[in-house]
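Structure first, then comments.
The values are calculated or read from the model by the stated rules, or taken from the named source; none is laboratory data. Please read all numbers here as calculations on a predicted model, not as lab measurements. Cβ sites come from the backbone with ideal geometry, for glycine too, and all protein chains shown count toward neighbours. Heads up: the accessible areas ignore ligands, DNA and RNA and are worked out on the full protein's heavy atoms, side chains in. Shrake-Rupley method; radii C 1.70, N 1.55, O 1.52, S 1.80 Å.
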Amino acid sequence: MSDKNDWIAFDKQHVWHPYSAIGADLPTYPVVGAKGVRLRLADGRELIDGMSSWWCAIHGYNHPQMNQAIRAQLDEMAHVMFGGLTHPPAVALARKLVEITPATLQTVFFSDSGSVSVEVAMKMAIQYWHDKGVPAKQHFLTIRKGYHGDTFGAMSVCDPVTGMHSLFADAMTQQFFADAPTCFFGHPCNRDGAKSMEAQLRENHEQIAAVILEPIVQGTGGMRFYSLEYLQEVRRLCDQYGVLLILDEIATGFGRTGKLFACEHAGVTPDIMCVGKSLTGGYMSLAATLTTEEISKTISEGEPGLFMHGPTFMANPLACSAALASLELLLETPWQKRISDIEEDLKQGLAPCRELPQVEEVRVLGAIGVVEMKRPVEMRTIQPCFVEAGVWVRPFGKLVYLMPPYVISREDLDTLTRAVVQVVEKCPI
Ligand SMILES: *Cc1c(COP(=O)(O)O)cnc(C)c1O
(Lines give C-alpha, C1' and ligand atoms only; values in the text may rest on other atoms or scores of the structure.)
Protein backbone atom coordinates (compact mmCIF):
# COMPACT_ATOMS: atom_id res chain seq x y z
CA MET A 1 0.00 0.00 0.00
CA SER A 2 3.02 2.27 -0.27
CA ASP A 3 2.01 4.20 -3.35
CA LYS A 4 -1.74 4.53 -3.62
CA ASN A 5 -1.86 5.04 -7.34
CA ASP A 6 0.53 2.18 -7.98
CA TRP A 7 -1.65 -0.54 -6.49
CA ILE A 8 -4.79 0.82 -8.07
CA ALA A 9 -3.07 0.91 -11.46
CA PHE A 10 -1.90 -2.70 -10.95
CA ASP A 11 -5.46 -3.72 -10.16
CA LYS A 12 -6.69 -2.24 -13.43
CA GLN A 13 -4.17 -4.15 -15.51
CA HIS A 14 -3.91 -7.47 -13.67
CA VAL A 15 -6.88 -8.22 -11.43
CA TRP A 16 -10.24 -9.56 -12.56
CA HIS A 17 -13.35 -8.37 -10.72
CA PRO A 18 -16.86 -9.89 -10.94
CA TYR A 19 -18.17 -9.58 -14.49
CA SER A 20 -15.33 -7.23 -15.42
CA ALA A 21 -12.85 -6.53 -18.19
CA ILE A 22 -9.11 -6.03 -17.71
CA GLY A 23 -8.11 -2.44 -18.43
CA ALA A 24 -11.72 -1.27 -18.65
CA ASP A 25 -12.42 2.40 -18.31
CA LEU A 26 -14.83 1.91 -15.42
CA PRO A 27 -14.32 3.21 -11.90
CA THR A 28 -13.11 0.71 -9.27
CA TYR A 29 -12.87 2.21 -5.80
CA PRO A 30 -10.12 1.24 -3.35
CA VAL A 31 -11.63 0.30 0.00
CA VAL A 32 -9.27 -0.04 2.97
CA GLY A 33 -11.59 -0.59 5.90
CA ALA A 34 -15.19 -1.00 6.94
CA LYS A 35 -17.05 -0.66 10.22
CA GLY A 36 -20.77 -0.83 10.96
CA VAL A 37 -22.50 0.19 7.75
CA ARG A 38 -19.63 2.35 6.49
CA LEU A 39 -16.97 1.51 3.91
CA ARG A 40 -13.79 3.58 4.14
CA LEU A 41 -12.09 4.44 0.86
CA ALA A 42 -8.33 4.92 0.50
CA ASP A 43 -8.79 8.69 0.19
CA GLY A 44 -10.56 8.80 3.57
CA ARG A 45 -14.11 9.15 2.24
CA GLU A 46 -16.79 7.05 3.89
CA LEU A 47 -19.71 5.47 2.07
CA ILE A 48 -22.91 4.13 3.64
CA ASP A 49 -23.34 0.56 2.42
CA GLY A 50 -26.61 -0.13 0.63
CA MET A 51 -25.62 -3.56 -0.69
CA SER A 52 -24.55 -5.65 2.32
CA SER A 53 -21.77 -6.82 -0.01
CA TRP A 54 -24.33 -8.65 -2.18
CA TRP A 55 -26.80 -9.83 0.48
CA CYS A 56 -24.08 -10.99 2.91
CA ALA A 57 -23.07 -8.44 5.55
CA ILE A 58 -26.32 -8.47 7.53
CA HIS A 59 -24.66 -7.27 10.77
CA GLY A 60 -22.49 -4.69 9.03
CA TYR A 61 -18.70 -4.85 9.03
CA ASN A 62 -16.10 -5.36 11.72
CA HIS A 63 -18.61 -6.55 14.29
CA PRO A 64 -16.93 -7.16 17.66
CA GLN A 65 -18.87 -10.39 18.40
CA MET A 66 -18.15 -11.78 14.94
CA ASN A 67 -14.48 -10.84 15.18
CA GLN A 68 -14.21 -12.45 18.60
CA ALA A 69 -15.76 -15.73 17.44
CA ILE A 70 -13.31 -16.03 14.57
CA ARG A 71 -10.32 -15.10 16.74
CA ALA A 72 -11.27 -17.74 19.29
CA GLN A 73 -11.52 -20.43 16.61
CA LEU A 74 -8.27 -19.25 15.02
CA ASP A 75 -6.46 -20.02 18.25
CA GLU A 76 -7.83 -23.57 18.19
CA MET A 77 -7.54 -24.51 14.51
CA ALA A 78 -8.00 -22.54 11.30
CA HIS A 79 -8.66 -25.50 9.09
CA VAL A 80 -8.60 -29.26 9.02
CA MET A 81 -9.72 -31.73 6.36
CA PHE A 82 -13.28 -33.02 6.78
CA GLY A 83 -12.70 -36.48 5.31
CA GLY A 84 -12.61 -38.89 8.25
CA LEU A 85 -12.48 -36.02 10.77
CA THR A 86 -15.13 -33.83 12.33
CA HIS A 87 -15.02 -30.82 14.66
CA PRO A 88 -17.24 -28.84 17.06
CA PRO A 89 -17.97 -25.77 14.88
CA ALA A 90 -19.25 -27.91 11.98
CA VAL A 91 -21.48 -30.03 14.20
CA ALA A 92 -22.83 -27.06 16.15
CA LEU A 93 -23.63 -25.23 12.93
CA ALA A 94 -25.27 -28.27 11.35
CA ARG A 95 -27.38 -28.72 14.49
CA LYS A 96 -28.46 -25.08 14.33
CA LEU A 97 -29.31 -25.25 10.61
CA VAL A 98 -31.37 -28.40 11.07
CA GLU A 99 -33.17 -26.66 13.94
CA ILE A 100 -34.09 -23.43 12.14
CA THR A 101 -34.86 -24.69 8.61
CA PRO A 102 -38.12 -26.51 7.72
CA ALA A 103 -38.52 -29.58 9.91
CA THR A 104 -38.14 -32.21 7.20
CA LEU A 105 -34.62 -31.01 6.33
CA GLN A 106 -32.36 -33.19 8.45
CA THR A 107 -28.91 -33.47 6.87
CA VAL A 108 -26.35 -30.82 5.95
CA PHE A 109 -23.67 -30.81 3.25
CA PHE A 110 -21.19 -27.92 3.66
CA SER A 111 -19.42 -26.36 0.70
CA ASP A 112 -17.52 -23.18 0.02
CA SER A 113 -19.81 -21.10 -2.17
CA GLY A 114 -23.39 -20.72 -3.26
CA SER A 115 -22.74 -22.01 -6.75
CA VAL A 116 -21.17 -25.17 -5.37
CA SER A 117 -24.09 -25.72 -3.00
CA VAL A 118 -26.34 -25.60 -6.08
CA GLU A 119 -24.14 -28.15 -7.88
CA VAL A 120 -24.39 -30.35 -4.80
CA ALA A 121 -28.19 -29.99 -4.71
CA MET A 122 -28.43 -30.98 -8.39
CA LYS A 123 -26.13 -33.97 -7.90
CA MET A 124 -28.15 -35.09 -4.87
CA ALA A 125 -31.36 -34.99 -6.90
CA ILE A 126 -29.85 -37.02 -9.74
CA GLN A 127 -28.24 -39.51 -7.39
CA TYR A 128 -31.50 -39.91 -5.49
CA TRP A 129 -33.41 -40.89 -8.61
CA HIS A 130 -30.57 -43.11 -9.78
CA ASP A 131 -30.77 -44.98 -6.50
CA LYS A 132 -34.56 -45.16 -6.79
CA GLY A 133 -34.12 -46.96 -10.09
CA VAL A 134 -35.11 -43.99 -12.25
CA PRO A 135 -31.79 -43.09 -13.91
CA ALA A 136 -33.47 -41.15 -16.75
CA LYS A 137 -34.16 -38.28 -14.37
CA GLN A 138 -30.99 -36.30 -15.09
CA HIS A 139 -32.45 -32.94 -16.07
CA PHE A 140 -33.89 -29.93 -14.28
CA LEU A 141 -36.84 -27.60 -14.72
CA THR A 142 -36.64 -24.01 -13.63
CA ILE A 143 -38.35 -20.68 -14.24
CA ARG A 144 -37.04 -17.92 -16.46
CA LYS A 145 -35.40 -14.86 -14.89
CA GLY A 146 -33.71 -17.01 -12.25
CA TYR A 147 -30.13 -16.95 -11.06
CA HIS A 148 -28.32 -19.84 -9.36
CA GLY A 149 -24.62 -19.16 -9.77
CA ASP A 150 -21.75 -19.19 -12.24
CA THR A 151 -20.49 -22.79 -12.36
CA PHE A 152 -21.65 -25.05 -15.21
CA GLY A 153 -24.50 -26.87 -13.48
CA ALA A 154 -25.75 -23.71 -11.81
CA MET A 155 -25.39 -21.75 -15.07
CA SER A 156 -27.55 -24.29 -16.89
CA VAL A 157 -30.54 -23.30 -14.72
CA CYS A 158 -30.01 -19.52 -14.86
CA ASP A 159 -32.23 -17.51 -17.19
CA PRO A 160 -31.05 -18.44 -20.69
CA VAL A 161 -31.27 -14.83 -21.90
CA THR A 162 -30.55 -12.52 -18.97
CA GLY A 163 -28.49 -15.16 -17.18
CA MET A 164 -25.25 -13.70 -18.54
CA HIS A 165 -24.21 -17.16 -19.72
CA SER A 166 -25.71 -17.53 -23.19
CA LEU A 167 -22.31 -17.63 -24.86
CA PHE A 168 -21.65 -20.95 -23.09
CA ALA A 169 -24.96 -22.44 -24.23
CA ASP A 170 -23.45 -25.26 -26.30
CA ALA A 171 -21.15 -26.32 -23.48
CA MET A 172 -23.96 -26.57 -20.94
CA THR A 173 -26.53 -29.25 -20.22
CA GLN A 174 -29.81 -28.17 -21.80
CA GLN A 175 -32.49 -27.85 -19.16
CA PHE A 176 -36.24 -27.18 -19.22
CA PHE A 177 -37.63 -23.69 -18.66
CA ALA A 178 -41.07 -22.51 -17.62
CA ASP A 179 -42.20 -18.89 -17.93
CA ALA A 180 -41.29 -16.64 -15.03
CA PRO A 181 -44.26 -16.15 -12.70
CA THR A 182 -46.39 -13.14 -13.58
CA CYS A 183 -48.45 -13.23 -10.41
CA PHE A 184 -46.58 -10.96 -8.07
CA PHE A 185 -46.10 -10.92 -4.32
CA GLY A 186 -49.18 -9.91 -2.38
CA HIS A 187 -51.45 -11.07 -5.19
CA PRO A 188 -53.28 -14.35 -5.67
CA CYS A 189 -52.22 -16.87 -8.29
CA ASN A 190 -54.61 -19.45 -9.64
CA ARG A 191 -53.62 -22.61 -11.47
CA ASP A 192 -53.44 -20.67 -14.70
CA GLY A 193 -50.52 -18.72 -13.26
CA ALA A 194 -48.43 -21.89 -13.23
CA LYS A 195 -49.66 -23.37 -16.50
CA SER A 196 -46.29 -23.12 -18.21
CA MET A 197 -44.73 -25.00 -15.27
CA GLU A 198 -47.45 -27.60 -15.46
CA ALA A 199 -47.03 -28.05 -19.22
CA GLN A 200 -43.28 -28.61 -18.84
CA LEU A 201 -43.83 -31.14 -16.08
CA ARG A 202 -46.56 -32.96 -17.97
CA GLU A 203 -44.37 -33.35 -21.04
CA ASN A 204 -40.96 -33.90 -19.51
CA HIS A 205 -41.31 -35.21 -15.94
CA GLU A 206 -39.75 -38.53 -16.88
CA GLN A 207 -36.46 -36.72 -17.51
CA ILE A 208 -36.75 -34.21 -14.70
CA ALA A 209 -35.00 -34.87 -11.39
CA ALA A 210 -36.09 -31.64 -9.74
CA VAL A 211 -37.58 -28.21 -10.14
CA ILE A 212 -35.12 -25.61 -8.91
CA LEU A 213 -36.04 -22.03 -8.14
CA GLU A 214 -35.49 -19.10 -5.83
CA PRO A 215 -38.45 -18.88 -3.44
CA ILE A 216 -40.53 -15.65 -3.60
CA VAL A 217 -37.64 -13.39 -4.70
CA GLN A 218 -35.90 -13.85 -8.02
CA GLY A 219 -32.68 -11.98 -7.22
CA THR A 220 -29.90 -11.33 -9.69
CA GLY A 221 -32.08 -12.43 -12.62
CA GLY A 222 -34.38 -9.42 -12.22
CA MET A 223 -35.22 -8.64 -8.56
CA ARG A 224 -38.80 -9.84 -9.00
CA PHE A 225 -41.10 -10.76 -6.09
CA TYR A 226 -43.69 -13.38 -6.93
CA SER A 227 -46.88 -14.72 -5.37
CA LEU A 228 -46.63 -17.22 -2.54
CA GLU A 229 -49.53 -19.07 -4.18
CA TYR A 230 -47.30 -19.67 -7.20
CA LEU A 231 -44.74 -21.38 -4.97
CA GLN A 232 -47.50 -23.45 -3.35
CA GLU A 233 -48.70 -24.51 -6.79
CA VAL A 234 -45.16 -25.52 -7.82
CA ARG A 235 -44.88 -27.69 -4.71
CA ARG A 236 -48.20 -29.33 -5.53
CA LEU A 237 -47.15 -29.97 -9.13
CA CYS A 238 -43.79 -31.44 -8.07
CA ASP A 239 -45.62 -33.94 -5.86
CA GLN A 240 -48.13 -34.74 -8.57
CA TYR A 241 -45.46 -35.46 -11.19
CA GLY A 242 -42.88 -37.17 -8.95
CA VAL A 243 -40.24 -34.48 -9.15
CA LEU A 244 -38.14 -33.08 -6.28
CA LEU A 245 -38.23 -29.40 -5.31
CA ILE A 246 -34.94 -27.58 -4.74
CA LEU A 247 -35.26 -24.13 -3.19
CA ASP A 248 -32.29 -21.82 -3.58
CA GLU A 249 -32.39 -19.62 -0.46
CA ILE A 250 -28.85 -18.35 -0.99
CA ALA A 251 -29.98 -14.73 -1.39
CA THR A 252 -33.24 -14.86 0.59
CA GLY A 253 -32.15 -16.93 3.61
CA PHE A 254 -31.65 -15.55 7.13
CA GLY A 255 -34.32 -12.90 7.28
CA ARG A 256 -33.88 -10.74 4.19
CA THR A 257 -37.52 -11.05 3.01
CA GLY A 258 -39.03 -10.69 6.49
CA LYS A 259 -39.17 -14.44 7.19
CA LEU A 260 -36.16 -16.42 8.29
CA PHE A 261 -36.44 -18.33 4.99
CA ALA A 262 -38.51 -17.05 2.09
CA CYS A 263 -40.29 -20.41 1.67
CA GLU A 264 -42.01 -19.68 5.01
CA HIS A 265 -44.12 -16.99 3.29
CA ALA A 266 -45.82 -19.83 1.46
CA GLY A 267 -45.51 -22.54 4.10
CA VAL A 268 -43.74 -24.62 1.46
CA THR A 269 -41.09 -27.17 2.37
CA PRO A 270 -38.47 -28.12 -0.19
CA ASP A 271 -36.83 -31.53 -0.60
CA ILE A 272 -33.44 -29.85 -0.92
CA MET A 273 -32.47 -26.33 0.14
CA CYS A 274 -29.36 -24.24 -0.52
CA VAL A 275 -28.10 -21.51 1.79
CA GLY A 276 -25.02 -19.30 1.50
CA LYS A 277 -24.31 -15.57 1.24
CA SER A 278 -25.40 -14.15 4.64
CA LEU A 279 -24.83 -17.51 6.34
CA THR A 280 -21.55 -16.19 7.80
CA GLY A 281 -22.72 -12.58 8.03
CA GLY A 282 -20.45 -11.88 5.08
CA TYR A 283 -17.25 -12.85 6.89
CA MET A 284 -16.19 -16.01 5.11
CA SER A 285 -17.21 -18.02 2.10
CA LEU A 286 -19.49 -20.84 3.20
CA ALA A 287 -22.64 -22.48 1.89
CA ALA A 288 -24.73 -25.51 2.74
CA THR A 289 -27.16 -27.89 1.07
CA LEU A 290 -29.80 -29.39 3.32
CA THR A 291 -31.96 -32.34 2.49
CA THR A 292 -34.54 -34.76 3.89
CA GLU A 293 -33.94 -38.08 5.58
CA GLU A 294 -35.65 -39.81 2.67
CA ILE A 295 -33.13 -38.43 0.19
CA SER A 296 -30.04 -38.86 2.33
CA LYS A 297 -31.05 -42.42 3.24
CA THR A 298 -31.77 -43.38 -0.35
CA ILE A 299 -28.39 -42.05 -1.47
CA SER A 300 -26.52 -43.63 1.44
CA GLU A 301 -28.13 -47.04 1.03
CA GLY A 302 -28.07 -47.05 -2.75
CA GLU A 303 -25.36 -47.72 -5.27
CA PRO A 304 -22.47 -46.74 -4.87
CA GLY A 305 -23.64 -45.98 -1.32
CA LEU A 306 -21.78 -42.68 -1.04
CA PHE A 307 -22.73 -39.18 -2.04
CA MET A 308 -20.22 -38.31 -4.74
CA HIS A 309 -18.92 -34.89 -3.72
CA GLY A 310 -16.26 -33.63 -1.28
CA PRO A 311 -14.70 -30.16 -1.40
CA THR A 312 -11.20 -29.63 0.02
CA PHE A 313 -12.34 -26.82 2.29
CA MET A 314 -15.57 -28.53 3.32
CA ALA A 315 -16.87 -27.17 6.67
CA ASN A 316 -13.89 -24.91 7.25
CA PRO A 317 -13.83 -24.32 11.03
CA LEU A 318 -13.29 -20.55 10.83
CA ALA A 319 -16.22 -20.21 8.43
CA CYS A 320 -18.45 -22.45 10.58
CA SER A 321 -17.57 -20.37 13.66
CA ALA A 322 -18.40 -17.18 11.80
CA ALA A 323 -21.74 -18.67 10.75
CA LEU A 324 -22.56 -19.73 14.31
CA ALA A 325 -21.77 -16.25 15.62
CA SER A 326 -23.81 -14.65 12.86
CA LEU A 327 -26.85 -16.83 13.54
CA GLU A 328 -26.57 -16.16 17.26
CA LEU A 329 -26.44 -12.41 16.62
CA LEU A 330 -29.40 -12.59 14.29
CA LEU A 331 -31.63 -14.79 16.41
CA GLU A 332 -30.98 -13.00 19.68
CA THR A 333 -32.17 -9.68 18.23
CA PRO A 334 -35.78 -8.77 17.30
CA TRP A 335 -34.78 -9.20 13.64
CA GLN A 336 -38.35 -9.44 12.37
CA LYS A 337 -39.13 -6.01 13.77
CA ARG A 338 -35.87 -4.66 12.30
CA ILE A 339 -36.72 -5.97 8.85
CA SER A 340 -40.29 -4.66 8.93
CA ASP A 341 -39.02 -1.22 10.05
CA ILE A 342 -36.52 -1.23 7.18
CA GLU A 343 -39.33 -2.30 4.83
CA GLU A 344 -41.48 0.66 5.91
CA ASP A 345 -38.58 3.10 5.57
CA LEU A 346 -37.66 1.75 2.14
CA LYS A 347 -41.28 2.09 0.99
CA GLN A 348 -41.48 5.69 2.17
CA GLY A 349 -37.98 6.68 1.16
CA LEU A 350 -38.17 5.28 -2.38
CA ALA A 351 -41.76 6.39 -3.05
CA PRO A 352 -40.73 9.70 -4.73
CA CYS A 353 -39.06 7.61 -7.49
CA ARG A 354 -42.55 6.55 -8.61
CA GLU A 355 -43.15 10.08 -9.91
CA LEU A 356 -40.03 10.12 -12.08
CA PRO A 357 -40.43 9.57 -15.83
CA GLN A 358 -37.26 7.42 -15.95
CA VAL A 359 -38.74 4.89 -13.52
CA GLU A 360 -40.80 1.87 -14.53
CA GLU A 361 -41.63 0.53 -11.07
CA VAL A 362 -40.70 0.73 -7.39
CA ARG A 363 -41.10 -2.39 -5.26
CA VAL A 364 -40.12 -3.30 -1.73
CA LEU A 365 -40.14 -6.60 0.16
CA GLY A 366 -38.50 -7.02 3.54
CA ALA A 367 -35.10 -5.36 3.49
CA ILE A 368 -35.00 -5.23 -0.32
CA GLY A 369 -35.92 -2.04 -2.17
CA VAL A 370 -35.92 -1.98 -5.96
CA VAL A 371 -36.24 0.88 -8.42
CA GLU A 372 -36.67 -0.56 -11.89
CA MET A 373 -35.75 1.95 -14.58
CA LYS A 374 -37.22 2.08 -18.08
CA ARG A 375 -33.76 1.72 -19.59
CA PRO A 376 -30.50 0.12 -18.43
CA VAL A 377 -28.35 2.52 -16.42
CA GLU A 378 -24.91 3.63 -17.55
CA MET A 379 -22.44 2.31 -14.95
CA ARG A 380 -19.73 4.71 -16.04
CA THR A 381 -21.81 7.68 -14.91
CA ILE A 382 -24.16 6.34 -12.26
CA GLN A 383 -21.50 4.73 -10.07
CA PRO A 384 -19.58 7.99 -9.45
CA CYS A 385 -22.89 9.78 -8.78
CA PHE A 386 -23.62 7.39 -5.91
CA VAL A 387 -20.09 7.68 -4.51
CA GLU A 388 -20.34 11.46 -4.62
CA ALA A 389 -23.60 11.18 -2.70
CA GLY A 390 -21.71 9.26 0.00
CA VAL A 391 -23.35 5.88 -0.51
CA TRP A 392 -22.38 2.51 -1.94
CA VAL A 393 -25.10 1.40 -4.34
CA ARG A 394 -24.26 -0.88 -7.26
CA PRO A 395 -27.00 -1.06 -9.88
CA PHE A 396 -27.15 -3.57 -12.71
CA GLY A 397 -29.06 -3.35 -15.95
CA LYS A 398 -32.33 -1.53 -15.31
CA LEU A 399 -32.21 -2.15 -11.58
CA VAL A 400 -31.17 0.29 -8.90
CA TYR A 401 -31.67 -1.48 -5.60
CA LEU A 402 -30.94 -1.38 -1.89
CA MET A 403 -30.46 -4.27 0.51
CA PRO A 404 -28.77 -2.65 3.49
CA PRO A 405 -27.28 -4.41 6.53
CA TYR A 406 -30.02 -5.13 9.10
CA VAL A 407 -28.19 -2.97 11.66
CA ILE A 408 -28.55 0.23 9.64
CA SER A 409 -29.94 3.22 11.55
CA ARG A 410 -33.01 5.09 10.36
CA GLU A 411 -30.87 8.10 9.63
CA ASP A 412 -28.39 6.21 7.46
CA LEU A 413 -31.22 4.44 5.65
CA ASP A 414 -32.78 7.81 4.99
CA THR A 415 -29.49 9.01 3.50
CA LEU A 416 -29.45 5.92 1.27
CA THR A 417 -32.99 6.32 -0.05
CA ARG A 418 -32.55 10.06 -0.56
CA ALA A 419 -29.37 9.35 -2.52
CA VAL A 420 -31.25 6.89 -4.75
CA VAL A 421 -34.05 9.39 -5.44
CA GLN A 422 -31.55 12.17 -6.15
CA VAL A 423 -29.26 10.08 -8.39
CA VAL A 424 -32.14 8.56 -10.36
CA GLU A 425 -33.61 12.02 -10.87
CA LYS A 426 -30.51 14.12 -11.50
CA CYS A 427 -27.56 11.95 -12.53
CA PRO A 428 -27.09 11.85 -16.33
CA ILE A 429 -27.67 8.13 -16.67
C1 LIG B 1 -25.35 -15.43 -5.32
C2 LIG B 1 -26.28 -16.54 -5.61
C3 LIG B 1 -25.80 -17.81 -5.98
C4 LIG B 1 -24.32 -18.08 -6.18
O5 LIG B 1 -23.59 -17.96 -5.00
P6 LIG B 1 -21.99 -17.72 -5.09
O7 LIG B 1 -21.57 -17.71 -3.66
O8 LIG B 1 -21.79 -16.41 -5.78
O9 LIG B 1 -21.42 -18.87 -5.85
C10 LIG B 1 -26.71 -18.81 -6.21
N11 LIG B 1 -28.04 -18.58 -6.07
C12 LIG B 1 -28.54 -17.40 -5.71
C13 LIG B 1 -30.02 -17.22 -5.54
C14 LIG B 1 -27.68 -16.32 -5.47
O15 LIG B 1 -28.18 -15.13 -5.14
*For an R0 of 22 angstrom, estimate the FRET efficiency from the Cβ-Cβ distance between PHE152 and MET308 and round to the nearest 0.05.*
0.85
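As a test of reading the structure, rank LEU346, LEU331 by solvent-accessible area (1.4 Å probe, protein chains only), most first. Walk me through the numbers on the way to the answer.
Numbers: LEU346 0, LEU331 60 Å².
The most accessible residue leads, giving LEU331, LEU346.
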*asked:* With a cut-off of 8 Å between alpha carbons and a minimum separation of six or more residues, what is the relative contact order of the chain in percent?
replied: 21 percent
*Calculate how many DSSP beta bridges within the chain are antiparallel, expressed in % of all such bridges and rounded to the nearest 5.*
65 percent
*Tilt of helix 195-204 relative to the longest C-alpha principal axis of the chain, in degrees (0 to 90, nearest 10)?*
40 degrees
*Any chance you could check the Cα centroid distance between region 307-339 and region 352-429 for me, in angstrom?*
29 Å
*Compute the long axis of helix 317-332 from its Cα atoms, compare it with the longest principal axis of the Cα atoms of the chain, and write down the angle in degrees, 0 to 90, nearest 10.*
80 degrees
*In the structure shown, do any of LYS132/LYS195; LYS35/LYS277; LYS35/LYS374; LYS195/LYS259 have a Cα-Cα gap over 24 Å, and if so which?*
LYS132/LYS195; LYS35/LYS374; LYS195/LYS259
*Compute the acute angle (0 to 90°) between the alpha-carbon long axis of helix 114-131 and the principal axis of greatest extent of the alpha-carbon atoms of the chain; round to the nearest 10°.*
10 degrees
_For the chain, which cysteines have no second Cys with its Cβ under 4.7 Å from theirs?_
CYS56, CYS158, CYS238, CYS263, CYS274, CYS320, CYS353
*Convex hull over the Cα atoms of region 1-101, averaged projected area in nm²?*
10.1 nm²
*What does the helix-only formula give at 222 nm for the chain: each DSSP H stretch with n ≥ 4 adding -39500 (n - 2.57), the total divided by the residues, and the result rounded to the nearest 500 deg cm²/dmol?*
-11500 deg cm²/dmol
*What are the semi-axes of the equivalent ellipsoid for region 133-257, taken as the square roots of 5 times the Cα gyration tensor eigenvalues, largest first, in whole Å?*
21, 19, 13
*If you take the square roots of the eigenvalues of the alpha-carbon gyration tensor of region 346-419 and sort them as a ≥ b ≥ c, do you get rounded (a/c under 1.5), prolate (a/b over b/c) or oblate?*
oblate
_Connecting C-alpha atoms closer than 10 Å in a GNM of the chain, tell me which of LEU213, LEU26, LEU330 has the biggest fluctuation._
LEU26
*Quick one: which residues, 5 or more positions from ALA251 or on another chain, have an amide H under 5 Å from its amide H? H modelled 1.01 Å from N in the peptide plane, none for Pro or chain starts.*
none
*How much of the calculated P(r) for the chain lies past 43 Å, in percent of all Cα pairs?*
11 percent
*Among VAL400, VAL31, VAL157, which one moves the most in a GNM of the chain with springs linking Cα atoms closer than 10 Å?*
VAL31
